[in-house]
Structure formats: structure tokens, C-alpha cells
Amino acid sequence: MERPERAAAAPDAQPRANGCSSAAHGALRNGYVRGLPAPDTKINHIVHNGGLYKRPFNEAFEETPMLVAVLTYVGYGVLTLFGYLRDFMRQWKIEKCQNATEREEQKDFVPLYQDFENFYNRNLYMRIRDSWNRPICSVPGAKVDMMERVSHDYNWTFTYTGKVIKDIINMGSYNYLGFAQKAGTCQEAAAKVLSQYGAGVCSTRQEMGNLDKHEELEKLVARFLGVESAMAYGMGFATNSMNIPALVGKGCLILSDELNHASLVLGARLSGATIRIFKHNNMQSLEKLLKDAIVHGQPRTRRPWKKILILVEGIYSMEGSIVRLPEVIALKKKYKSYLYLDEAHSIGALGPSGRGVVEYFGLNPEDVDVMMGTFTKSFGAAGGYIGGKKELIDYLRTYSHSAVYATSMSPPVVEQIITSMKCIMGEDGTTVGKARVQQLAENTRYFRRRLKEMGFIIYGNEDSPVVPLMLYMPAKIGAFGREMLKRNIGVVVVGFPATPIIESRARFCLSAAHTKEMLDTALKEINEVGDLLQLKYSRHRLVPILDRPFDETTYEETED
């Protein structure tokens, strides 16, 4: 996170492994600080890593205060007790049962609904269900219009009042570069293509659904990424879940970050490969798994793995952290494995010209074997892509389920991507794209710094446009979302099971479309709600990722 006290490293600082330097105040590995010194003491942030990093890499996760952690567990305990009490009352018809249940005549059949599994949904989630699935009725730009709804049965059902809440500052959409808009060159180009090609293709790419626009898009994406070839898909989630099984299978090993997106997890499981999990962004954990995989080979047979594939993301959408890509690539080369990089949130949002985390670190795209990303965020469209060697893309055109069986991308959506990508690259003859990338970076640093100064606990990297603000207690999840909406600020709140049980949070997504006035308004209201709900937990005790407890056991899935 950005800190005003950051300064250049002292000349006599002695670098250590992983880019560390010892300091009088106890600076630890990777430029993190366990205990901050006096306010007038300068902190040196050094990340050498044998020259792997060409820029400062400032990322930290403040330790949860003990009292807050205890009260959070107590809060969940109380909710659980009341949940069992209400289930008892529903069973005896004292309270009306509104959740899905088996009919009496089906009691002897295999149950369709698992009461225990749905316990959380009906007793905890239902209390704050109004914080999600809010219907908007406008372009998801810097401001949105939202349909007002009310519930008369404690969020089991909702009724629309017919009223529209206007001009809510949108702090939740992944509109990083502001291309989600209803006017401008992208909209005009998409409308023109819509009138020429229509809305749908009604066929797969291998049959009658391969348009010249699809070919143009893929060539443009390859140039944008700096790779030999690329292929576009109609759905970002399916780009991961359907392509990973085409790349690895039984006898292969997948090393996956513990906080990877559900699409990566599903793709890994569908592949039939063995899966082992390494601690989030922890290079010691990853290297240990790589060593063990090479030394011990496959279980029982001890044969070498056919392939070892490392799965990571560019920006992790719940933590706001950026992958330590230089170290991952160094390990990948050292142990002769393959690297699959998901840039869903980082493409367009990182790097001087928006080319993602590879450009952000100044690395060579050829060092990443499979470059995946989506068009749903920075480009204001839909779908995903995979880029890499021509041999890889030619293989996927034949063997990827997403390529063979899925309907082609809609032509207006393709044109939206082409126009916005050319704008980012400057091929439209303007500097609008470059200005948007720079504006996003400025908004990100400004917003993160202000929240930190207010005393909130903020997770992630100082350059990440995903900004998690920690709420912790279950009652504050719904309260924060409701209070912000009262003040015309739209936010996303997240809790268990999407996050660890004591790490509920609000997640802000910055956009180049946000003006400083919008951000100042949002910050003013966040500050006010933070005081109201007592959310300013920060004690400035930052805990590095690599100093989090490391369990040497790994999670493994295999058919054997």
C-alpha cells in the first residue's frame, strides 16, 4: 500500500534472499514491515530478488486485531445458535418455513436439498441478502441508476417500488478503463457492426460462425500481447474451465495458488490431473512443491510427471494482490515447468500501456506459456482469450471444448473489443487510451492512500485497482452496504464462503471514469460510515505474505 514515508533504500542496507534488507526497525523479507517505527522514521522498501524486480513492489496485509478476530468468531457463533433455534421453530411450525424442502411423499428418496449445506444460506446469508443482486437500469459506468426494491419477509422475496435511484457512484463494477459507456467511438462502432452483421452468429467457429471480425480480433489481441497467436472465446469463465482440461490430463501435475478464481479451480478439476495447492503468492511454498514433484514423481509409481503446470492470476480479485511474476517465471525456468497466467483483472489495468502484469514487471511475454485474459473488465465487453505460441493456439482450435462446441462471439461485442483495444494501443490516432491507463493508476494510488490515512485496514498491492476494505464482523457486512447505498454510493460487500470466515470485506473497484470529485465524495461517505460502524481497525502492523504460517501439507486431487 502506498505510504507517504516511503524512501529510497539506505546505501549500506544488506540485501537478503527474496529481496530483503535488514533495518533497525525490523523490516522483513519482501519489503514488508512487521512493526512500524516511530512516525518520524523513514521506512525503506527494497525488493531485489537477484535483480528480478525492476520496480518497487509494495504489498502488505495488516494483521487482524485479536479483539476483532475474537468478536467476529463470537458473532458467527451467535448467528449459528440462533440459526439452529429458528430451524427448530420451523420444524415445529412455530415459524413459517420459506426455504426449499422435500415434500412429504419424497422423504424416502435421495434428497434434492441438503439441510445442513443450506444452513448458512437460510440463516446467515438471508439476513443480508439485500446487499447483493441489486438491479441496475443504466450503463455500469462511473455512475449508475438502480431500481429500488423492498422486502416484507426479511429478504426471502423482494418487491419493486417502481422508483429509480439516480446517479449512484459506482464503486463496484470492473469498468477499469471506463469503456462501459453508452456514447463514444466504441458505441458507434458496435452499433454500425450490429446493423451490418446482426446480434448473433448461430454457429460455432468451425462451422458457419467464423467471421472476418473474429479473425481481425485475434490478430489484434496477438499484437497487443506481443505473442505469436491468440484465440478469442465467448465466455471468460469457460476460457479457463474448458481450456485447462485440453492442456493437461491424468499423469500431469497442477500447482495452483490457493486463492485462484473458481474458473481455474473448475478447469483443474475437470482435467483429471493431480492438483496441489501452494500458499498465496508464497514462492517458498511453490518452490517446495516443485522440488517435491521432481524428486518424488507421481504417487506410488514414482514416474516423472508428464507436465507440471503452474496456475496463477495477474491480480487476485478478492485480495487486491499482484502475482510475484518475476519469481514465478524464475522458478518455472529453474524446474522446467509450464506457466498459465490468468490476466482477467490485470490486462488493461496494469502496465504503462495497459498490457497487463507482464508489462508491469517489464518481462518478456514469451516467458509465459499460456496467457489468458478476459474482455469483460477493461474492455467493457464480454468473452476471453488465450495467447501464446502458434502451435499452442492451433492445438486449442482443435481440442478445446470452448472452441469446438461454443457459439461464436457476437459481432457487436467483437467490435467493442477491437475499438477499445485500438484506443488503448493508440491506433485510433489519439492518446485517449494512454490517458485512461494513467488516470486509473492515479485514481488507484490516491484512493488507497486516503483510505489508509483514515485508519482502515486495506489489503493488496499499492498499484492494484481492486481495493479490499476489511469489515470482519458479519453484522457489518450488510450494515456497510446499506449505509453506503443510503449515501448514493454503490459498493460490493463480500463474506464467507467467498472469503475466510473472519475476513469479510468491502471491495472497491477503481475506474479511469471516476473523477477526483467522485472519489472525494465516496471517501467522505466511507469515512463517515467507518466512524458510524467503527471500522477503523488499523494499527499499522503489516504482515508479509511469506511470514504467514506455512503448512507443509498440500491438498491433492487425483483419480488414482
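The values are calculated or read from the model by the stated rules, or taken from the named source; none is laboratory data. What you see is a predicted model; the values in this text were computed from it and never measured. Cβ placement follows ideal geometry from the backbone for every residue including glycine, while neighbour counts extend to all protein chains displayed. Calculation scope for accessible area: heavy atoms of the full protein, side chains included, ligands and nucleic acids excluded. Shrake-Rupley method; radii C 1.70, N 1.55, O 1.52, S 1.80 Å.
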Being at pLDDT below 95, of a type outside the set (A, V, I, L, M, F, W, C) and either assigned to a loop (DSSP other than H, G, I, E, B) or in the same structural domain as Ala522 (by the TED database) (or both) narrows Arg149, Arg127 down to just Arg127
If you go through the stretch 376-427, how many residues are farther than 29 Å from Asn175 by Cα, in contact with a strand residue (DSSP E or B) (Cβ under 8 Å, 6 or more places away or on another chain) and among the aromatic types (Phe, Trp, Tyr)? 1
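So which residues in the stretch 472-520 are polar (S, T, N, Q) and in contact with a strand residue (DSSP E or B) (Cβ under 7 Å, 6 or more places away or on another chain), if there are any at all?
Scanning the stretch 472-520 gives Asn488, Thr499, Ser504.
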For the stretch 54-74, name all the residues that are in a loop (DSSP other than H, G, I, E, B) and open to solvent by less than 20 Å² (accessible area, probe 1.4 Å). Phe57, Asn58, Pro65
Quick check on my filter: what residues within the stretch 294-326 are assigned to a helix (DSSP H, G or I), closer than 24 Å to Gly356 by Cα and in contact with a strand residue (DSSP E or B) (Cβ under 9 Å, 6 or more places away or on another chain)? Leu325
Pairs, first open to solvent by 10 Å² or more (accessible area, probe 1.4 Å) in the stretch 380-404, second modelled with pLDDT of 95 or more and in a strand (DSSP E or B), C-beta under 8 Å, six or more apart: Lys389/Ser229; Lys390/Ser229; Leu392/Ser229; Leu392/Val370; Leu392/Ile386; Asp394/Ser229; Arg397/Met231; Ser402/Tyr233
Here are some residues: Thr274, Thr301. Which one is at pLDDT below 95 and farther than 18 Å from Tyr360 by Cβ? Thr301
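Could you go through the stretch 290-298 and let me know if any residue there is closer than 30 Å to Ala349 by Cβ and either touching a Pro at 6+ places or on another chain (Cβ under 9 Å) or without any contact (Cβ under 8 Å) to a residue 12 or more places away in the chain (or both).
Looking for residues that are closer than 30 Å to Ala349 by Cβ and either touching a Pro at 6+ places or on another chain (Cβ under 9 Å) or without any contact (Cβ under 8 Å) to a residue 12 or more places away in the chain (or both), one finds none in the stretch 290-298, hence no.
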Flag for Phe158 being aromatic (Phe, Trp, Tyr) and either open to solvent by less than 20 Å² (accessible area, probe 1.4 Å) or not assigned by the TED database to the domain that holds Ser464 (or both): no
Residue match in the stretch 243-253 (condition: touching a residue at least 12 places away in the same chain (Cβ under 8 Å), closer than 27 Å to Thr419 by Cβ and in contact with a strand residue (DSSP E or B) (Cβ under 7 Å, 6 or more places away or on another chain)): yes
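Have a look at Asp463, Asp394 and point out the one that is closer than 29 Å to Val139 by Cβ and out of contact with any Cys (no Cβ under 9 Å at 6 or more places or on another chain). Steps first, please.
On the way: Asp394 fails: closer than 29 Å to Val139 by Cβ.
Every option except Asp463 fails the conditions.
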Do we find that Val467 is closer than 23 Å to Gln187 by Cβ and not assigned by the TED database to the domain that holds Gly351 in this structure? no
Scanning the stretch 339-355 residue by residue, those free of Cβ contacts under 8 Å to residues at least 60 places away in the same chain and closer than 23 Å to Glu391 by Cβ turn out to be Leu339, Leu341, Glu343, Ile347
Residues located in the stretch 360-379, provided they are buried (at least 22 other Cβ atoms within 10 Å of the Cβ), of a type outside the set (D, E, K, R) and either within 18 Å of the chain's Cα centre (by Cα) or not assigned by the TED database to the domain that holds Ile308 (or both): Tyr360, Met371, Met372, Gly373, Thr374, Phe375, Ser378, Phe379
Helices (runs of 4 or more DSSP H) wholly inside the stretch 174-293 containing at least 3 residues that are under 20 Å from the mean Cα position of the chain (by Cα) and more than 29 Å from Ser353 (Cα to Cα): 262-271
Cβ-Cβ below 7 Å, separation at least six or inter-chain, first residue in the stretch 75-87 and assigned to a helix (DSSP H, G or I), second open to solvent by less than 30 Å² (accessible area, probe 1.4 Å) and hydrophobic (A, V, I, L, M, F, W, C): which pairs? Leu79/Leu124; Gly83/Phe119; Gly83/Leu124
Are any residues in the stretch 506-535 open to solvent by 40 Å² or more (accessible area, probe 1.4 Å) and part of a helix (DSSP H, G or I), and if so, which ones? Lys516, Glu517, Asp520, Thr521, Lys524, Asn527, Glu528, Asp531, Leu532
Between Ile277, Ile244, Ile254, which is aliphatic (A, V, I, L, M) and over 30 Å from Arg205 (Cβ atoms)? Ile277
Go through the residues of the stretch 487-505 one by one and say whether even a single one is in contact with a helix residue (DSSP H, G or I) (Cβ under 9 Å, 6 or more places away or on another chain), open to solvent by less than 40 Å² (accessible area, probe 1.4 Å) and among the basic types (Lys, Arg). yes
One residue is enough: does the stretch 255-262 have a residue meeting the conditions in contact with a Pro (Cβ under 9 Å, 6 or more places away or on another chain) and either within 23 Å of Leu325 (Cβ to Cβ) or open to solvent by less than 50 Å² (accessible area, probe 1.4 Å) (or both)? no
Take the residues of the stretch 314-345 that are under 9 Å from the mean Cα position of the chain (by Cα) and not polar (S, T, N, Q): which is most open to solvent (accessible area, probe 1.4 Å)? Met318
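Could you run through the stretch 448-464 and say how many residues are under 18 Å from the mean Cα position of the chain (by Cα) and either open to solvent by less than 10 Å² (accessible area, probe 1.4 Å) or of a type in the set (Ser, Thr, Tyr) (or both)? Walk me through how you get there before you give the answer.
We begin by selecting, within the stretch 448-464, every residue under 18 Å from the mean Cα position of the chain (by Cα); these are 448, 458-464.
Narrowing further to those that are either open to solvent by less than 10 Å² (accessible area, probe 1.4 Å) or of a type in the set (Ser, Thr, Tyr) (or both): 448, 458-462, 464.
Number of matching residues: 7.
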Criterion first (assigned by the TED database to the domain that holds Thr499 and closer than 26 Å to Thr444 by Cα) does Met89 satisfy it? no
